[in-house]
Amino acid sequence: GFPVSNPDYPHINAHGECCAGILGASHNNNKGIAGISPLVRIVPIKVFNAYDYPYSYAQMAYAIREAWDTFQTPVLSNSWGGGQPNDILTSAIDYVTTNGRNGKSCFVVFASGNDSHSCVSYPSVLENVMAVGAVNRKGSRINYSNYGSSLDIVAPSDPIVTTDRIGAYGYDNGNYYHSFNGTSAACPHVAGVAA
């Protein structure tokens, strides 16, 4: 199994919790925020280890394939990216965009990256995924968001209020984090609409 916590990096799983809240937090319950698509089933698949480093490309590829093969997940929201292109990972993405939803394609969303580069990060640069950049409340690109001809869409990230893990395992001490940002925050908005 994958490690779930590390005392040196206590909020390692908080990133996924924040993304999940944007995508699918319940509506009309007077408990805080409302997600984009509150009735979705969220299947969390972790691709970073307890030290906040990515697993191998082979493990990431396995996670992408498992999202469809095991869980029949029609929309894959990936608030991560970067690094050099990799054939194993690209093949897994090709697999779900070809075979997912019984040949109709899984909808695969990736964050464009937070480097302020004029090109989006791998794997968001792939043609068969939706590359998501970040905009502020006025609709202008936020300076850290990668951009360029491979960017498909933008979404809010200025910052976003979302769910959080409680105590030291979250970004804040409470149930909600009021400053989640980056293209990681923009990505689940698009995945939620797709769902």
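The values are calculated or read from the model by the stated rules, or taken from the named source; none is laboratory data. Note that the coordinates shown come from a computational prediction; the quantities given were computed from them, not determined experimentally. No Cβ is skipped: glycine too gets one built from the backbone with ideal geometry, and neighbour counts run over all protein chains shown. For accessibility, only protein heavy atoms count, side chains too; no ligands or nucleic acids. Shrake-Rupley method; radii C 1.70, N 1.55, O 1.52, S 1.80 Å.
See the values below:
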{"read-out": "Residue check for Y171: closer than 22 Å to G81 by Cα, hydroxyl-bearing (S, T, Y) and surrounded by fewer than 24 Cβ atoms within 10 Å (Cβ to Cβ)", "value": "yes"}
{"read-out": "Criterion (touching an Asp or Glu at 6+ places or on another chain (Cβ under 8 Å) and modelled with pLDDT of 95 or more) met by exactly one of V135, V154, V108", "value": "V135"}
{"read-out": "Complete set of residues in segment 66-93 that are open to solvent by 20 Å² or more (accessible area, probe 1.4 Å), in contact with a strand residue (DSSP E or B) (Cβ under 9 Å, 6 or more places away or on another chain) and not in a helix (DSSP H, G or I)", "value": "P74, V75, S77, W80, G81, G82, G83"}
{"read-out": "Test result for A14, touching a Lys or Arg at 6+ places or on another chain (Cβ under 7 Å), modelled with pLDDT under 95, of a type in the set (A, V, I, L, M, F, W, C) and surrounded by 14 or more Cβ atoms within 10 Å (Cβ to Cβ)", "value": "yes"}
{"read-out": "Strands (runs of 3 or more DSSP E) wholly inside segment 94-195 containing at least 3 residues that are of a type outside the set (D, E, K, R), under 17 Å from the mean Cα position of the chain (by Cα) and closer than 21 Å to A61 by Cα", "value": "107-111, 130-135"}
{"read-out": "Filter pass, S37 being surrounded by fewer than 19 Cβ atoms within 10 Å (Cβ to Cβ) and either small (G, A, S) or at pLDDT 85 or above (or both)", "value": "no"}
{"read-out": "The listed residue being of a type in the set (S, T, Y), at pLDDT below 95 and surrounded by 14 or more Cβ atoms within 10 Å (Cβ to Cβ), out of Y51, Y57", "value": "Y57"}
{"read-out": "Given (1) open to solvent by 30 Å² or more (accessible area, probe 1.4 Å); (2) touching a Leu at 6+ places or on another chain (Cβ under 6 Å), index of the condition N99 fails", "value": "(2)"}
{"read-out": "Total residues in segment 19-32, condition surrounded by 15 or more Cβ atoms within 10 Å (Cβ to Cβ), assigned to a loop (DSSP other than H, G, I, E, B) and either modelled with pLDDT under 90 or touching a Cys at 6+ places or on another chain (Cβ under 8 Å) (or both)", "value": "1"}
{"read-out": "Any hit, segment 131-148, residues being touching a His at 6+ places or on another chain (Cβ under 6 Å) and crowded, with 21+ Cβ neighbours inside 10 Å", "value": "yes"}
{"read-out": "Enumeration of residues in segment 117-142 that are of a type outside the set (F, W, Y) and over 13 Å from V154 (Cα atoms)", "value": "H117, S118, C119, S121, P123, V125, L126, E127, N128, V129"}
